[in-house]
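To start, the structure itself, in structure tokens.
Just so it is clear, none of the values below were taken in a lab; they were calculated from the coordinates. Predicted model only: the values in this text are computed from it and were never measured. Note: ideal-geometry Cβ built from the backbone for every residue, glycine included; neighbour counts use all protein chains shown.
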Amino acid sequence: MGAEDTVIDYYESLRRAEPLHPYFAERDDVVKFGISERLAGYDAIADGLREQTRTTEDWTVESTALRVVERGDVARFSDDVAMAWTDLASGERRAFETRWSGTLERFDEEWSFTGMHVSVPREL
């Protein structure tokens, strides 16, 4: 599986409420920025993603501009993603037009995220 396939598979796993932390490299220097969070290190990312899965449901993830460039054992990606989910505590449906970018590295023929950034564009 290539880096692009890994990104697409991550989106599919998010839709299916499957574990997401295995997509990240098990290293202390890995970082994930979400819409309202910054998680640094594999353990923090794993805990944050488990909590996200536990407290949300009914995810939609619509990629519209995925670009992936591989150079040896390193890849970078960017995308525009419409996403939505239901918050289990409040029942509120949340939806955002987001921008994603990040890096992946290949370890033992498997691609893993070493950095991910998800943001919401702000109109000036």
Quiz prompt | Which numbered condition GLU37 fails, given (1) exposed (fewer than 14 other Cβ atoms within 10 Å of the Cβ); (2) over 17 Å from TRP100 (Cα atoms); (3) in contact with a helix residue (DSSP H, G or I) (Cβ under 9 Å, 6 or more places away or on another chain) | solution = (2)
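Step by step: first the residues of the range 41-50, then only those that are among the hydrophobic types (A, V, I, L, M, F, W, C), under 16 Å from VAL118 (Cβ atoms) and in contact (Cβ under 8 Å) with a residue 12 or more places away in the chain, then the one that is surrounded by the fewest Cβ atoms within 10 Å (Cβ to Cβ). Which residue is that? Quick ask: steps written out before the conclusion?
From the range 41-50, those among the hydrophobic types (A, V, I, L, M, F, W, C) are 44-46, 49; that's our starting set.
Among the residues that remain, those that are also under 16 Å from VAL118 (Cβ atoms) are: 44-45, 49.
If we keep only those that are in contact (Cβ under 8 Å) with a residue 12 or more places away in the chain too, we end up with 45, 49.
On the way: ILE45: 24, LEU49: 20.
By that ranking, first place goes to LEU49.
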Practice problem: Give just the number: which of (1) in contact with a Lys or Arg (Cβ under 9 Å, 6 or more places away or on another chain); (2) surrounded by fewer than 13 Cβ atoms within 10 Å (Cβ to Cβ); (3) at negative phi does GLY72 not satisfy? | Solution: (3)
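Only one of VAL7, VAL31 is farther than 17 Å from ASP79 by Cβ and of a type in the set (Val, Ile, Thr). Can you tell me which?
Working: VAL7 fails: farther than 17 Å from ASP79 by Cβ.
VAL31 is the lone residue from the list that is farther than 17 Å from ASP79 by Cβ and of a type in the set (Val, Ile, Thr).
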Quiz item: Can you name the number of the only condition in (1) in contact (Cβ under 8 Å) with a residue 12 or more places away in the chain; (2) under 17 Å from the mean Cα position of the chain (by Cα) that ARG94 fails?
Solution: (1)
Quiz item: Would you call ARG76 farther than 21 Å from MET1 by Cα and within 16 Å of the chain's Cα centre (by Cα)?
Solution: no
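How many residues does the range 93-110 hold that are loosely packed, with under 12 Cβ neighbours inside 10 Å and touching an Asp or Glu at 6+ places or on another chain (Cβ under 9 Å)? Lay out the reasoning, then the answer.
Of the residues in the range 93-110, the ones loosely packed, with under 12 Cβ neighbours inside 10 Å are 93, 95, 108-109.
Of the ones still in play, those that are also touching an Asp or Glu at 6+ places or on another chain (Cβ under 9 Å) are 93.
Number satisfying all stated conditions: 1.
Among the hydroxyl-bearing types (Ser, Thr, Tyr) and surrounded by fewer than 13 Cβ atoms within 10 Å (Cβ to Cβ): which single residue out of THR64, THR56 fits that description? Before you say what the answer is, go through the steps one by one.
Values: THR56 fails: surrounded by fewer than 13 Cβ atoms within 10 Å (Cβ to Cβ).
Of the residues listed, the single one that is among the hydroxyl-bearing types (Ser, Thr, Tyr) and surrounded by fewer than 13 Cβ atoms within 10 Å (Cβ to Cβ) is THR64.
A quick yes/no check of all residues on (1) aliphatic (A, V, I, L, M); (2) touching a residue at least 60 places away in the same chain (Cβ under 8 Å):
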site	(1), (2)
SER13	no, no
ARG16	no, no
ALA25	yes, yes
ARG54	no, no
TRP59	no, no
ALA65	yes, no
ARG76	no, no
